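The values are calculated or read from the model by the stated rules, or taken from the named source; none is laboratory data. Keep in mind that this is a model prediction, so the values were computed, not measured. Counting neighbours? That spans all protein chains shown, and the Cβs are built from the backbone with ideal geometry, glycine included. Heavy atoms of the whole protein, side chains included, go into the accessibility calculation; ligands, DNA and RNA do not. Shrake-Rupley method; radii C 1.70, N 1.55, O 1.52, S 1.80 Å.
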Amino acid sequence: MMNNNSFMVFSGTASRYLAEKICEELGCPLGDLTVTKFADGEFEVCYEESIRGRDVFLVQSTFPNSDNLMELLLMIDAAKRASARSICAVVPYFGWARQDRKSKPRVSIGAKLVADLLSVAGIDRLMTMDLHADQEQGFFDVPVDHLYASTVMLPYIKSLNLKNLCIASPDVGGSKRAASYAKYLDCPMVMCNKSRKKANEVADMQIIGDVEGLDVVLVDDIVDTAGTITKAADLIMSRGANSVRAIASHCIMSGPADDRVEASALKEMVFTDSIPYRGKCDKVKELSVSSMLAETIRRVMENESISSQYLIK
């Protein structure tokens, strides 16, 4: 890739830490882009080098606040107007993905709206990881490279050498993901069933399955306030588990999340670096997805299949 001058990698403000690691893996420099902010909060994106005729990869997760999404949209627009040959948005964490359907009357479908915004802005391709619902790929009319954090999570779980490993899902919605992990690792699986009074507040939870004497690993895609994952961990330990850990693709960790994880029965909470962790909880550990993203960029540029790097789907 070092000798391939047809592509360039640029980063938004929020994901520069990840873009730098991706470029190190690819052996290429990170492109020169500036974001000028005005007194009223508005900002302007400018490429400080020519991108005419280049394939550009724009790295930016769209986690809160919404400035991160707006910055990505301006990066796409500027690249289109600067005559880039193709534009690929590399969005490790796709924000608003939890709004993938009408869960009640008169609500927005945020994931579809964001997909439309990116398409209208001018992307030719989207590269993302662990969408909240796989079918959200259908919101786009451009190719979507949907990657999976399991590529880095599964080797980590195996490295723990847990003798009585058991995979658990913190809710019914994540049962398919947990089942895939359990099948790959050839171990049992249990599931937690929860009910909510309102968003981010778990009213009640039960465990479906036996965890006594087992080393349990909870598998999820997003941890926001950590209410569900910590309640599940405490319940699992109360049912006689030997230990309990949690892994999740995206580290939102808002509000009381740090305190909840610290006070919980969790031995550790493992995330990818799709979102930067800025908290101070000693139980939190990060695994980088930069190698996986860099390899996917290389395969896209060389027209190779990317599915062979998936451990599970």
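Can you spot a residue in the stretch 36-43 that is within 26 Å of the chain's Cα centre (by Cα) and closer than 27 Å to S288 by Cα? No - not one qualifying residue is present in the stretch 36-43. For the stretch 284-308, residues that are exposed (fewer than 15 other Cβ atoms within 10 Å of the Cβ) and part of a helix (DSSP H, G or I) total 2.
Please enumerate the residues belonging to the stretch 256-280 that are surrounded by fewer than 19 Cβ atoms within 10 Å (Cβ to Cβ), touching an Asp or Glu at 6+ places or on another chain (Cβ under 8 Å) and either of a type in the set (S, T, N, Q) or under 27 Å from I207 (Cα atoms) (or both).
Selection gives E262, A265.
Looking at the stretch 134-154 only, could you name the residues that are open to solvent by 10 Å² or more (accessible area, probe 1.4 Å) and either within 13 Å of V217 (Cβ to Cβ) or part of a loop (DSSP other than H, G, I, E, B) (or both)? Listed by number, the residues that qualify are F140, D141, V142, P143, Y148.
In the stretch 77-110, what residues are open to solvent by 50 Å² or more (accessible area, probe 1.4 Å), outside any helix (DSSP H, G or I) and either out of contact with any His (no Cβ under 7 Å at 6 or more places or on another chain) or modelled with pLDDT of 95 or more (or both)? Quick ask: steps written out before the conclusion?
From the stretch 77-110, those open to solvent by 50 Å² or more (accessible area, probe 1.4 Å) are 80-81, 85, 96, 98-99, 101-106, 108-109; that's our starting set.
Adding the requirement that they be outside any helix (DSSP H, G or I) leaves 85, 96, 98-99, 101-106, 108-109.
Across the stretch 77-110, the qualifying residues are R85, W96, Q99, R101, K102, S103, K104, P105, R106, S108, I109.
Considering every residue within the stretch 63-76, establish whether at least one is surrounded by 14 or more Cβ atoms within 10 Å (Cβ to Cβ) and in contact with an Asp or Glu (Cβ under 6 Å, 6 or more places away or on another chain). No, the stretch 63-76 has no match at all. Taking the stated definitions as given, is S249 touching a residue at least 40 places away in the same chain (Cβ under 8 Å), open to solvent by less than 20 Å² (accessible area, probe 1.4 Å) and touching a His at 6+ places or on another chain (Cβ under 6 Å)? Spelling it out, it is not the case that S249 is touching a residue at least 40 places away in the same chain (Cβ under 8 Å), open to solvent by less than 20 Å² (accessible area, probe 1.4 Å) and touching a His at 6+ places or on another chain (Cβ under 6 Å). Of the residues making up the stretch 258-312, those that are of a type in the set (S, T, N, Q) and either in contact (Cβ under 8 Å) with a residue 40 or more places away in the chain or under 21 Å from F94 (Cα atoms) (or both) are T272, S274, S288, S290, S291, T296, S307, Q309.
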